[in-house]
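Single-structure report; data block below.
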Amino acid sequence: MQSNKFLRLFSLVILSVLVFACNNDDDLENEFNFQHVVSYEFLDSISTEDISARFGGNNLVGGFINFDITAHKITYMTENYDGTEVEASGLILIPIVQGSAKLTSFQHSTLAKDANPQIDQENRAPSYLPENNAEIHLSAALFAANGYMISAPDYIGYGSTGDMFHPYEHAQTTATTSYDMLIAAREYAEFLEVKMRADDNGTEELHLLGYSQGGNSTMALHKYIEETQPGEFNIIRSAMGAGAYHKSAVGNYIFNFEGELGFSISLYLWVMDTYDRVYLQRGLDYYLNEPYATEVENGGYFALSNTNPQEIFTTEFIDEINDPNSGFSQALADNNVHDWKANAPIKLYHSRNDGLVPYFNSVDAYENLTANGSEEVLFETYEFGSDVAVEDIHGAGGGRFFSDVLSRYFLSGI
């Protein structure tokens, strides 16, 4: 049976009190003293019928749609890459279960940031509850309807921090932003008296998942929790799809590539710029030849049409890539998340012919995690035939990933 406080929340919703701020309601403050949540807002109530309609009433999907869910936005404090405290935001999806919900951290894939509104994807960040983001509108909602309480951080650079630079795939910032969201989400659930599944010691059980950038973010978060916050959560299973875990190898592959890569280099420019801002502060002129430096400075990462690294990047920078002791090589190494020992089970997923994130990332992660004595590491390779274009394989793999994690790995560990 739902708690009195949770029922009270619904009565407030019915009365159209849709926005809550924990520092603006004296009565609520007197009842609950928030330590991590700065503000909270009810977004929507989503029925099982609505979720089923999103999937066209598919009977195979329907078997996983068991609970109505509610959607909430919260803000919380976390640390940016430069050490400053910022008020970040994220989405919480709560299943209306009779027993306990399964706490789950859901890391989203890449969302473009660009001055051009035709390219910018700010409005797809989780806390907007976006219909134009299939990861949230379909996948996250389906997981929630199956009993998983979703904590989905926007990441710094989106939502409440949308005017800030997004430190793309900076492992430390990604991990702490996602972790602090989890702590705030747990507190918010406590406020609503939503029961979460826990082990015999009372430690909340936790599932982790993400694809592409979300895969990299999930690996960084899993590593961070086990190495710096042991005992805070009991990680049950962690699923990661097509992440760029081995940054040193990716840098060598991309920046030393001879000829046309065959796909946009924009995302790798973003990673490069992130590591420059965090570690080196040299500016784009150090890395890019003209006219490409000016193109990117004036038009952003996605303005660059050339995909030939040997034409785009300066000789000085490429020499750095080939020197393991150089500043940039050290920055890449600092963001490697493929070589450590995991205590909780992990399953990796990757398409062999992925044209955006090289397959070797998951191979390297699997081999190193296993060699280091990790408790359990599984690896599934997706194969696509000639009917799927190389440039479409990364996206196609994402669809299979979310389906497989929900229906097999989180359900039965296979």
Difference of contour (0.36 nm per residue) and Cα-Cα distance, LEU411 to ASN322: 27.7 nm
I'd like the Karplus ³J(HN,Hα) series for the range 290-298: coefficients 6.51, -1.76, 1.60, θ = phi - 60°, whole numbers in Hz, and an x wherever there's a Gly or Pro. 7, x, 6, 4, 5, 4, 6, 4, 8
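Which is the longest stretch in the chain that no exposed loop site breaks, taking sites as trypsin sites (Lys or Arg not before Pro) with a DSSP loop state and at most 14 other Cβ atoms within 10 Å? Show your work: numbers first, answer last.
Numbers: sites that count: ARG282, ARG352.
Within the chain, the longest run free of exposed trypsin sites (Lys or Arg not before Pro) spans 1-281.
State the extension gain, in nm to one decimal, for the chain segment bounded by ALA389 and ASP163, taking 0.36 nm per residue of separation less the distance between their alpha-carbons. Mind showing how you got there, number by number?
Numbers: separation 226, 0.36 × 226 = 81.36 nm, distance 3.56 nm.
That works out to 77.8 nm of additional length.
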For ASN353, distant residues with modelled amide H under 5 Å away: PHE384
Arrange the following residues from fewest to most other Cβ atoms within 10 Å of their Cβ: TYR76, TYR40. TYR40, TYR76
Please list log₁₀ I(q)/I(0) at q = 0.12, 0.13, 0.22 Å⁻¹ for the range 247-334, using the Debye equation with identical point scatterers on the alpha-carbon positions. -0.30, -0.36, -1.11
Counting each DSSP H run of 4 or more residues in the chain as -39500 (n - 2.57), what helix-only mean residue ellipticity at 222 nm follows after dividing by all residues, to the nearest 500 deg cm²/dmol? -10000 deg cm²/dmol
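Order the peptides 203-215, 57-69, 359-371 from the highest to the lowest mean number of other Cβ atoms within 10 Å of their residues. Intermediate results must be reported in sequence, preceding the final value.
Working: 203-215: 24.9, 57-69: 15.5, 359-371: 19.8.
Highest-to-lowest ranking by the protection proxy: 203-215, 359-371, 57-69.
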Normalising by the residue count of the chain, find the relative contact order in percent from Cα pairs under 8 Å and 6+ residues apart. 13
Check which residues have an amide H placed less than 5 Å from LEU43's amide H, if you skip close sequence neighbours. ALA71, HIS72, LYS73
For the range 53-204, just the Cα set please: Rg and Dmax, both in angstrom. 15.9, 52
Sequence order, the range 260-272: Karplus ³J(HN,Hα) from phi using 6.51 cos²θ - 1.76 cosθ + 1.60, θ = phi - 60°, Hz rounded, Gly and Pro as x, gives 7, 5, x, 8, 4, 8, 4, 5, 6, 5, 5, 4, 4
Using the per-residue mean of other Cβ atoms lying within 10 Å as a proxy for protection, in what order, highest first, do the peptides 125-137, 283-295 fall? 125-137, 283-295
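Could you order the peptides 88-95, 383-390, 328-335 from most to least packed, using the average number of other C-beta atoms within 10 Å per residue?
Working: 88-95: 26.8, 383-390: 10.4, 328-335: 19.5.
Highest-to-lowest ranking by the protection proxy: 88-95, 328-335, 383-390.
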J(HN,Hα) series, the range 110-115, from Karplus relation 6.51 cos²θ - 1.76 cosθ + 1.60, nearest Hz, glycine and proline x: 4, 10, 5, 10, 7, 5
Amide H to amide H, which residues 5 or more places from MET164 or on other chains are under 5 Å from it, using H placed in the peptide plane? GLY157
In which sequence would PHE402, PHE317 go, from the one with the fewest C-beta neighbours within 10 Å to the one with the most? PHE317, PHE402
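Only the coordinates and a few stated rules stand behind these numbers; no lab work does. If you're wondering where the values come from, they're calculated on a predicted model, not measured in any experiment. Every residue, glycine as well, gets a Cβ built from its backbone with ideal geometry; the counts of neighbours run over all protein chains shown.
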